[in-house]
Structure formats: C-alpha cells, structure tokens
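Nothing in this text is a laboratory measurement; each read-out follows from the coordinates by a stated rule. A quick note: this is a predicted structure, and the numbers were derived from the prediction, not measured. When we count neighbours, we look across all protein chains shown, and the Cβ atoms used for this are built from the backbone with ideal geometry, even at glycine.
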Amino acid sequence: MSIIQEKTVGAKLLAECLKEQGVTVVFGIVGIPVVEFIGFRNEQSASYAAGAWGFLTGRPGVCLTVSGPGVIHGLAGLGNAQVNCWPMVLISGSSDTTQEDMGGFQELRQVEACRQYTKYAARPGSIEQIPFVVEKAFRTATYGRPGPCYIDLPGDYIQGATSRKVSIHRQVPEAPKYQADPRDVEVAVQVLRTAKNPLIIVGKGAAYARSEKEINHLIDSTGLPFLPTPMGKGVVSDTHPLCVAAARSKALAKADAIVLLGARLNWILHFGMSPRIHKDCKIIQVDICPEEIRNNRETLPLVGDISLVVSQLAEGLKGYQYSQQSPYLKELKAKIHANTESNEKRYKDDSIPMSYHRVFSEIKQRLPEDVVIVSEGANTMDIARTVFDMYSPRLRLDAGTFATMGVGMGFSVAAQMFHTNRKVVAIVGDSAFGFSAMELETAARAKLPLVIIVVNNNGIYHGLDHGEFNKTPIESLPPTALLPETRYDMIADAVGGKGYFVRTPEELGSAVQQALNETEKLSVVNVMIKPGGKKKLEFGWMSNPEPKL
Ligand code: ADP
Ligand code: MG
C-alpha cells in the first residue's frame with residue numbers, strides 16, 4: 001500500500017491508483033502520462049478495445065473519455081462488455097461539481113447513464129475517496145461474473161488537490177474460486193455415465209476462465225465429443241478428433257445430455273429450446289453466476305469456477321469412457337465428413353468475382369497457426385467461423401453475444417497491443433469496416449502492423465455491381481447497397497500503410513502473403529467478391545424457437 005501526500009492533484013492520484021492496479025495500457029481519447037496510452041479517434045472503438053483487453057488478459061481493460069458525448073460513445077463499449085461478460089473500467093471526466101445542473105460544458109448525468117450497463121458506477125465522494133472507488137471498480141469488474149464498471153471524475157476533482165495524506169489500495173488479488181456442491185456433481189456424473197448422446201459445449205466463459213488445461217483433460221480422458229461456441233473456439237483445438245463443430249446442428253438436436261461450460265442459453269444456443277435442442281435433453285449448466293442457472297429452461301446446476309468444476313467432473317468420471325463406436329458419434333462423424341467435402345468443393349470455386357469460400361480458402365492456406373483472428377460482418381463472420389480453425393484459446397474475437405458491428409478495429413488494436421509477437425488479422429465485411437475505418441490512423445500511429453482484409457460485396461448483407469447500381473435510380477436503391485468498389489484500401493495508403501485492391505485468387509494470395517510478411521506497416525486488402533444482387537434478406541440468427549412465419 002503506498003501513501004500519497006497531501007496537495008496531490010486528483011489526476012495524479014488516479015494515475016497512481018491505476019498503476020497500483022497493474023494497468024499498463026489505457027485506451028481513450030485524452031491521455032494520462034503514467035501508462036502507455038492509445039489515443040483513438042472515437043471513444044466507441046476505444047471502449048471496445050478496453051473490453052477486448054479484459055477478455056484477453058483477465059484484468060479490466062481501461063478506457064478514458066471526456067465528458068458528455070464522450071461518455072455516450074463509451075456506452076457502446078460498456079454495453080458490449082456487459083453482454084459478453086468481460087471486465088473493463090470506463091473512466092470519464094465530467095463537468096465541475098459546482099456547476100451541477102447549471103448547463104455546464106458537456107454536462108450529462110453520467111453515473112446514471114452508465115448505471116444500467118455496468119456492475120458498479122460511481123462518482124467518488126471526494127478527491128480523497130478516489131482510491132476507494134478505483135479499487136472497488138477493479139474488484140467488481142473481475143469478481144463473480146465479470147463485467148464493466150464506471151468511474152466518474154468531475155473536473156474539479158481532476159484539477160483539485162488532496163487535503164490530506166491518502167493511502168492507495170494494493171492490486172486486487174485474483175478472484176476467489178469456488179467449487180460446485182458435491183451433491184450436484186454426483187447428479188451430473190450419473191447423468192453423463194448413462195447418457196447415450198453426450199455433448200460438451202465449450203463457451204467463451206471457459207476461454208475467459210482459462211480452463212483449457214482442465215477441459216482438454218476432461219475430453220481426452222472421457223472421449224466425450226465437444227462443440228465450441230464462436231469465441232470458445234481454440235480452448236480445445238478445432239482439429240481435435242472429438243470436435244463436432246462441423247456437425248453442429250445435428251450434435252445439438254440429438255444430444256440427450258449436454259455439459260454447458262461457460263455459455264448461456266441465449267440466441268447463440270437457440271435459447272436451449274426445442275427443436276434445436278431436445279426438450280428432454282439434460283443440460284448440466286456450469287456457470288459462475290447462480291442467477292444464470294435455469295434461464296430459459298430446466299437445467300442441472302453446477303455453480304462454480306469452470307476450472308474447478310471441470311476437475312470435479314473429471315474426478316467423478318474416473319474410469320468412464322464414452323464409446324467411440326456409439327451411433328451418435330458415428331452419425332456425427334459421417335455428417336462432418338459430408339460437410340467437409342462440400343466445403344472443399346466450394347474452396348475450389350473459380351468464378352470471378354470470388355465467393356466467400358474461395359476468398360477464405362486463399363487466406364486460410366497462408367495464415368500461421370498462432371494467428372489472432374478478429375472477425376465481424378454478417379456473412380463474412382458466419383462463414384469465416386466455419387472455415388478458420390483455432391488451435392489455442394482466446395485468439396478469436398468477433399461481434400460476440402451483442403452482435404456488435406464496428407468492433408473490428410478496436411479489437412484489433414487491443415489484440416495487437418497484447419499479442420506483440422503474433423500477427424493480428426481482421427477479416428471484416430465492408431459494411432462492418434465502415435463503422436470505425438478511421439481507427440486505421442490510430443493503428444498506424446501506434447505502429448501496429450495489422451492486416452485488415454475487407455471482404456467487399458458492395459453492401460450490407462449484399463450489394464449491387466457497378467452496372468446494376470448505375471442503372472438504378474437513387475430512390476430505388478436497396479437500403480443494403482453501398483457504393484460499389486469503394487477503395488477502402490486507399491485509407492491504408494493515406495496513413496502510410498499499404499493498400500491492396502484485389503479481384504482474383506492470385507492477387508488475393510499475393511496480397512495476403514505480403515501483408516503477413518510486413519512487420520511495421522499496417523495493410524488493408526480490399527477483396528471484391530460477388531455482390532449477391534437483390535436477394536431477399538435472410539437472418540438465420542433471428543430464428544425464433546417457435547417460428548411464426
Ligand atoms: P458464449 O458466447 O460462448 O455462448 P456466454 O458469453 O453466453 O458464452 O457465456 C459465458 C458464461 O461464462 C457467462 O454466463 C459467465 O457467467 C460464465 N463465466 C465467466 N467466467 C466464468 C468462470 N470463471 N467460471 C464459470 N463460469 C464463468
Ligand atoms: Mg458487405
């Protein structure tokens with residue numbers, strides 16, 4: 001615990017508190033001089049970066065913004081972190097306490113605005129109380145279910161000084177872990193031992209909990225098949241023989257027992273409802289958050305930390321082996337085989353403009369195994385998820401549970417700051433990229449050699465080609481259409497990076513290779529693909545458990 005002398009300025013006191021909490025990087029718009037500061041062009045991207053940092057490091061990412069509109073933009077990151085269960089702390093300046101409700105510069109009821117997107121939102125009662133609030137925010141962000149917190153700092157606190165000595169709290173120790181009730185473990189073990197079609201679902205909570213060792217052991221020792229959720233990919237390698245991701249729908253629909261490891265029964269898992277998951281399927285729900293248990297359907301609870309609970313399960317399942325000749329596994333393997341074959345065929349599609357599958361195949365061949373993949377967009381993200389295997393945990397970031405578009409650049413910056421020795425490759429749709437494209441300047445300034453691949457179909461979901469676009473009167477253009485062949489690659493050139501505009505598999509392959517070899521400059525590969533025309537919009541992810549159509 002360090003002591004801060006009286007007459008210390010509030011800004012310095014805050015900085016000392018953050019340093020004590022182990023903060024090394026702050027994302028935001030205006031900086032504080034004690035730690036590395038990455039200044040973004042819009043608080044939205046900075047706040048997304050802070051959330052991703054929380055997931056990547058297991059410690060709260062910090063975002064610093066100005067008051068009023070800055071906080072409003074930062075709400076985007078708070079909401080995103082909250083829905084994804086990621087720890088972050090947003091710290092914002094606010095108008096002076098002496099001007100409350102007077103119409104001060106950028107005045108906003110910021111604590112109130114942030115309250116519903118945070119676990120804890122507060123303005124310290126005085127300058128001297130700053131250390132208390134910082135400690136509480138960092139602790140609350142990581143203890144229990146992780147999530148975002150907010151600290152409000154009025155101008156007169158930032159510029160004012162302490163009136164006495166204050167002590168700074170030590171870094172919050174790692175969250176205490178707890179095991180599940182042994183009686184619940186016994187029930188779960190019994191269910192698994194007798195299940196015909198058992199399935200383990202590995203969620204991003206398992207990735208966050210750093211449970212890879214325990215989960216790999218559980219799967220290897222029992223022979224149980226598993227299915228990762230989008231950001232649970234890599235906790236166990238996608239190339240593991242028991243990974244049934246390529247037969248996802250069948251695996252879910254036919255399972256009679258599911259072990260849910262850090263994944264909620266929300267839209268991503270069809271609310272756990274029939275027909276996507278059988279109504280009689282026994283779901284063993286492992287989660288740190290007791291309130292999550294039985295959300296949307298009956299489950300068997302295992303409340304506790306995933307690493308500890310998985311060890312309890314492995315212990316209870318000692319001697320048990322799931323038959324690798326079971327009809328369930330055989331059926332899934334056959335389905336995986338068929339799906340893999342049809343994908344292989346799609347990879348060879350020679351048509352120009354290229355298809356998603358051809359584009360991804362050209363990229364996939366060239367990526368190193370330890371690459372970090374950031375992915376957003378509609379089709380771009382959905383199809384990419386099925387093509388790119390992940391071998392290690394927490395190397396894939398995407399639009400997540402909130403399905404937020406525009407996270408790509410913030411996530412990429414955070415990922416490259418954390419993974420200084422890996423390549424970060426963002427595979428993004430043209431529409432998604434547009435939300436935060438100017439953050440390329442941020443990345444260039446921070447000297448981050450990001451590789452951004454814009455999969456460009458001239459639109460949101462789909463677009464029109466040049467000919468169709470030009471002959472369509474403006475008032476008849478579909479709302480999904482964007483300007484054809486927008487030169488996103490030129491933004492890279494504009495900030496001293498390298499842009500590539502490509503139409504063919506050969507051009508794409510060569511551009512991706514050059515971009516991957518680049519160690520200093522960022523690259524944008526703008527790939528033209530089939531625009532998709534005036535197809536009717538289809539939203540697979542919107543499917544209701546009981547379709548009304
Ligand atoms: P996915 O997107 O993979 O479906 P979700 O974000 O829906 O995953 O769910 C993650 C779950 O993991 C949350 O319910 C969260 O409470 C839980 N969780 C986070 N950390 C831990 C932990 N250490 N132990 C157990 N559960 C955890
Ligand atoms: Mg598009």
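Which shape class applies to region 8-47: rounded if a/c is under 1.5, otherwise prolate when a/b exceeds b/c and oblate if not, where a ≥ b ≥ c are the square roots of the Cα gyration tensor eigenvalues?
On the way: a/c = 2.62, a/b = 1.80, b/c = 1.46.
Verdict is prolate for region 8-47.
In whole Hz, what ³J(HN,Hα) sequence does region 48-55 give by Karplus (6.51, -1.76, 1.60; θ = phi - 60°), x for Gly and Pro?
5, 4, 5, x, 4, 4, x, 5
Just going by the charge dipole of region 182-331, with Lys and Arg at +1 and Asp and Glu at -1 on Cβ, which of 215, 192, 242 is farthest out on the positive end?
Final value for the positive-end residue is 242.
Quick one: the Cα spread of region 163-273 along its three principal axes, in angstroms, biggest first?
67, 31, 28
Each residue of region 433-438 in order: what ³J(HN,Hα) in whole Hz does its phi give by Karplus 6.51 cos²θ - 1.76 cosθ + 1.60, θ = phi - 60°, with x for Gly and Pro?
With the stated coefficients, region 433-438 comes to 4, x, 5, 8, 4, 5 Hz.
Going by how many other Cβ atoms sit within 10 Å of their own, how do 385, 145 line up, fewest first?
Ordered by Cβ neighbours within 10 Å, fewest first: 145, 385.
In the chain, if the dipole is taken from +1 on Lys/Arg beta carbons and -1 on Asp/Glu beta carbons about the Cα centre, which of 388, 414, 275 is farthest to the positive end?
Checking the options against the dipole of the chain, the answer is 275.
List, in order, the whole-Hz ³J(HN,Hα) value for each residue of region 181-191 obtained from phi through the Karplus relation with A = 6.51, B = -1.76, C = 1.60 and θ = phi - 60°; use x for Gly and Pro.
Values per residue, Gly and Pro as x: 4, x, 5, 5, 5, 4, 4, 4, 4, 4, 4 Hz.
Could you tally the net charge around residue 247, taking each other residue with its Cβ under 14 Å from the Cβ of residue 247, Lys/Arg +1 and Asp/Glu -1?
Values: positive: 248, 250, 254, 276, 330, 333, 335; negative: 238, 331, 341.
Overall, the nearby charge balance is +4.
Counting DSSP beta bridges in region 349-528, what percent are antiparallel, to the nearest 5?
Approximately 10 percent, going by the DSSP bridge assignments.
What residues have an amide H closer than 5 Å to that of residue 257, excluding those fewer than 5 places away on the same chain, when H is modeled at 1.01 Å from N in the peptide plane?
It is 197, 199, 282, by chain and number.
Between the alpha-carbon centers of region 459-495 and region 336-359, tell me the distance in whole angstrom.
Spelled out, the Cα-based centre of one part sits 25 Å from the other.
Please say if the chain is rounded, prolate or oblate, where rounded means a/c under 1.5 for a ≥ b ≥ c the square roots of the C-alpha gyration tensor eigenvalues, and otherwise the choice is prolate for a/b larger than b/c and oblate otherwise?
Working: a/c = 1.89, a/b = 1.15, b/c = 1.65.
Because a/c hits 1.5 or more and a/b fails to exceed b/c, the chain counts as oblate.
Which is the longest run of the chain containing none of the GluC sites (Glu not before Pro) found in DSSP loop states (not H, G, I, E, B) with at most 14 other C-beta atoms within 10 Å?
It runs 370-519.
So, counting K/R as plus one and D/E as minus one, what does the shell of residues with Cβ under 13 Å around residue 448 add up to?
Neighbourhood net charge equals 0.
What value, in deg cm²/dmol to 500, does the helix sum -39500 (n - 2.57) over DSSP H runs of n ≥ 4 give at 222 nm once divided by the residues of the chain? Display every interim value, and only then the final one.
Working: 20 runs with 200 residues, N = 549.
So the calculated ellipticity at 222 nm is -10500 deg cm²/dmol.
Indicate, rounded to the nearest 5 percent, the antiparallel portion of the DSSP beta bridges found entirely in the chain. All intermediate terms of the calculation are to be shown ahead of the outcome.
On the way: 7 of 73 bridges.
So the antiparallel bridges in the chain amount to around 10 percent.
Can you tell me which of 113-126, 414-427 comes out highest on packing, and rank the rest after it, using the mean Cβ neighbours within 10 Å?
414-427, 113-126
Around residue 70, what is the net charge, scoring Lys/Arg as +1 and Asp/Glu as -1 over all other residues with Cβ under 15 Å from its Cβ? Could you put the intermediate results ahead of the total?
Details: positive: 41, 109; negative: 43, 107, 152.
Charge balance near residue 70 sits at -1.
Give me the distance between the Cα centres of region 241-277 and region 380-417, rounded to whole Å.
After rounding, the separation between the Cα centres reads 21 Å.
Count the DSSP beta bridges whose two residues both fall in region 8-162, then state the antiparallel fraction as a percent rounded to the nearest 5.
Restricted to region 8-162, the bridges split so that about 5 percent are antiparallel.
Can you list residues from other chains, or at least 5 along the same chain, whose modelled amide H is less than 5 Å from the amide H of residue 426?
Placed amide hydrogens put 374, 451, 452, 453 under 5 Å from residue 426.
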